[in-house]
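Worksheet for the structure shown next.
Here, each number is a calculation from the coordinates, and none is a lab measurement. Treat the numbers as computed from the prediction; the structure is a model and nothing was measured. When we count neighbours, we look across all protein chains shown, and the Cβ atoms used for this are built from the backbone with ideal geometry, even at glycine.
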Amino acid sequence: MPLLTQEELTPPEAVRDAARKGVELHEAGKSGDGLKPETVRRANSIAAGEPQSEEWATVEAPAWFARHEGDFERGEDDREGEESPGYVAWLLWGGDTGIPK
């Protein structure tokens, strides 16, 4: 039996906005060479507001954010026009507002 409701699995607007920005930066060539295609697919799903799986919300996303917390430097790698691949990946996963609580 699922622990989270459909509403809880649906990305909030701020998370969708971050994913949309990440997709735009990816399409502009800012995501680097190591990005997996499934990350872009997931980001498009998040940006579209589609409910995510409970596995993703409770296991995959928390683990990803924990592993990649230091992949970019705030105030440096997130400056407009100078976005780093680490920052773009962070956005693709939903940005700061996407960090599971």
Requested in this report: Would you give the gap between the C-alpha center of region 80-95 and the C-alpha center of region 19-50, rounded to a whole Å?
Outcome: 9
Requested in this report: List, in order, the whole-Hz ³J(HN,Hα) value for each residue of region 83-95 obtained from phi through the Karplus relation with A = 6.51, B = -1.76, C = 1.60 and θ = phi - 60°; use x for Gly and Pro.
Outcome: 4, 8, x, x, 5, 4, 4, 4, 5, 4, 8, x, x
Report task. Report the convex hull volume per residue for region 1-50, counting only C-alpha atoms, in Å³. Result -> 82
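Stretch Leu4-Thr58 to full length: gain in nm at 0.36 nm per residue minus the Cα-Cα span?
Gain in length upon complete extension: 18.5 nm.
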Query - Helical contribution to [θ] at 222 nm, DSSP H n ≥ 4, -39,500 (n - 2.57), averaged over the chain, rounded to 500 - result: -13000 deg cm²/dmol
Query raised in the report: Using mean Cβ contacts within 10 Å as the protection proxy, how do 39-45, 2-8 order, highest first?
Result: 39-45, 2-8
**Report entry** Total charge dipole magnitude, the chain, about the Cα centre, Cβ charges on Lys, Arg, Asp, Glu only, Debye to nearest 20
**Finding:** 200
Query raised in the report: Looking at the chain, what % of the alpha carbon pairs are farther apart than 18 Å?
Result: 42
